[in-house]
Amino acid sequence: MERRDKINYYLDLAEVVAKRSTCLRRHYGAVIVKNDEVISTGYVGAPRGRVNCTDRGTCVREALQIPRGERYELCRSVHAEQNAIISASRDKMIGGTMYLAGYDAKTGDYIAQSNSCSLCKKMIINAGIEKVIVRDNKDEYREVLVQDWIDNDESLEGKRGY
């Protein structure tokens, strides 16, 4: 058996973390790594103590037919990136890499060209994370330098995330 490359190994971990997601639309997992050490993980789910969408059996954004990337304030969930960031201390995240894997909750298909939403991007920037690696399929991924998000400020253009 061939040994899995390191990047896909961490993306595989993120995919396993995503299995804890409680969103009815998207299952994402995030893993923050620095110096080959896992710093923290996070998945999509309601804030602690609140009822999850999977338990409620309904998604407000889905019921209102809100497109991907819009009206996140109506969402009950905290994103995977946010949960990973709030579970780690900043000094451990500075210069680290976030691995992000996500799939459609209904079909199990990977999300094509997924990207962090604008709020998650701001949190990733402030956390000091240097790079985000996003899984496109089981073996392919994209590497995004966080500095590119800083240099190409999407808030001035109105672009959307996942």
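The values are calculated or read from the model by the stated rules, or taken from the named source; none is laboratory data. Because the structure is a prediction, the values reported are computed rather than measured. Here the Cβ positions follow ideal geometry from the backbone for every residue, glycine too, while neighbour counts run over all protein chains shown. In case anyone asks, the SASA skips ligands and DNA or RNA and just uses the protein heavy atoms, side chains included. Shrake-Rupley method; radii C 1.70, N 1.55, O 1.52, S 1.80 Å.
Accessible surface area normalised per residue over the range 91-162 is 54 Å², counting heavy atoms of protein chains with a 1.4 Å rolling probe.
Based on Cα contacts under 8 Å between residues 6+ apart, the range 1-138 shows a relative contact order of 28 percent.
Shape class of the range 1-89 from the alpha-carbon gyration tensor: prolate, with a/c at 1.5 or above and a/b greater than b/c. Among the trypsin sites (Lys or Arg not before Pro) within the range 1-85, those in coil by DSSP and having at most 15 neighbouring Cβ atoms inside 10 Å are Arg3, Arg4, Lys19, Arg20, Arg48, Arg50, Arg68, Arg71.
Note on Ser87: accessible area approximately 70 square angstrom, rounded to 10, probe 1.4 Å, nucleic acids and ligands left out. The range 91-162 and the range 1-70 have Cα centres separated by 12 Å.
Label zone of Tyr9 (point 7 Å out along Cα→Cβ, amide N under 19 Å): in the range 95-109 this covers 96-101. Can you figure out the FRET efficiency of Asn35 with Asp55, using R₀ = 41 Å and their beta-carbon distance, to the nearest 0.05? Taking R0 as 41 Å, the efficiency between Asn35 and Asp55 is 0.60.
Going through (1) 23, 19, 16; (2) 24, 23, 16; (3) 48, 18, 13, the figure that equals semi-axes √(5λ) of the Cα gyration tensor in Å as computed for the structure here is (1).
What percentage of the solvent-accessible surface of the range 1-150, computed with a 1.4 Å probe over protein heavy atoms, is contributed by carbon and sulfur atoms? Result for the range 1-150: 48 percent of the exposed heavy-atom area is carbon or sulfur.
Taking every C-alpha pair closer than 8 Å and separated by at least 6 residues, the mean separation divided by the residue count of the range 1-72 gives a relative contact order of 24 percent. With a Förster radius of 30 Å applied to the C-beta separation of Ala63 and Ile86, the computed FRET efficiency comes to 0.60. Loop-located trypsin sites (Lys or Arg not before Pro) across the range 81-133 with a Cβ neighbour count of 11 or fewer within 10 Å are Lys106, with loop assigned by DSSP. If you count Lys pairs in the range 31-125 whose Cα atoms are under 20 Å apart, skipping same-chain pairs closer than 8 places in sequence, the total is 5.
Note on the range 68-123: percent of Cα-Cα distances in each 10 Å bin, starting at 0 and stopping at the bin with the largest distance, equals 18, 51, 28, 4.
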